[in-house]
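Taken together, the values in this text are just the output of simple stated rules run on the coordinates, not laboratory data. Since this is a predicted model, take the numbers as computed values, not measurements. Here the Cβ positions follow ideal geometry from the backbone for every residue, glycine too, while neighbour counts run over all protein chains shown.
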Amino acid sequence: MATRKSVEDFLAQCEDTIRYAQEQVTMRRQQEHYNLTEYTDALNLLEERGNDLAHLALSCNGQQREQLHRMRLQLQQLQNDLTLDENIITEYK
């Protein structure tokens, strides 16, 4: 069983990852190809957080799983946004 503290800590890590990824989206839109490494890192972090979330959810109670599910949706949406932005920027070069 996951502790409340471990779930809270993980959710805080996810929020940090989301902030970082959103910053990279903003930078990418302003600078196009100049922050490609950071942009790719953000995509990888989102993927890692999603995988970690799936593993953590296995040992959670119902309420914790619900919190993790909402976070998973946020991570996936941002990951989709980054992927779409990357494709759009690449098409116009």
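Structure summary
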| quantity | calculated |
| --- | --- |
| Size of electric dipole in the chain: Cβ of Lys, Arg +1 and of Asp, Glu -1, about Cα centre, debye, nearest 20 | 340 |
| Likely footprinting exposure, LEU73, LEU68, fewest C-beta neighbours within 10 Å first | LEU73, LEU68 |
| Nonlocal amide H pairs with CYS60, under 5 Å, H built at 1.01 Å | ALA2 |
| Within a Gaussian network of the chain (alpha carbon springs, distance under 10 Å), most fluctuating of LEU58, LEU45, LEU75 | LEU58 |
| Stokes-Einstein D in µm²/s, Kirkwood radius over Cα pairs - the chain at 25 °C with 0.890 mPa s viscosity | 177 |
| Net charge of Cβ neighbours under 13 Å - reference SER59; Lys, Arg +1; Asp, Glu -1 | +1 |
| Helical contribution to [θ] at 222 nm, DSSP H n ≥ 4, -39,500 (n - 2.57), averaged over the chain, rounded to 500 | -30500 deg cm²/dmol |
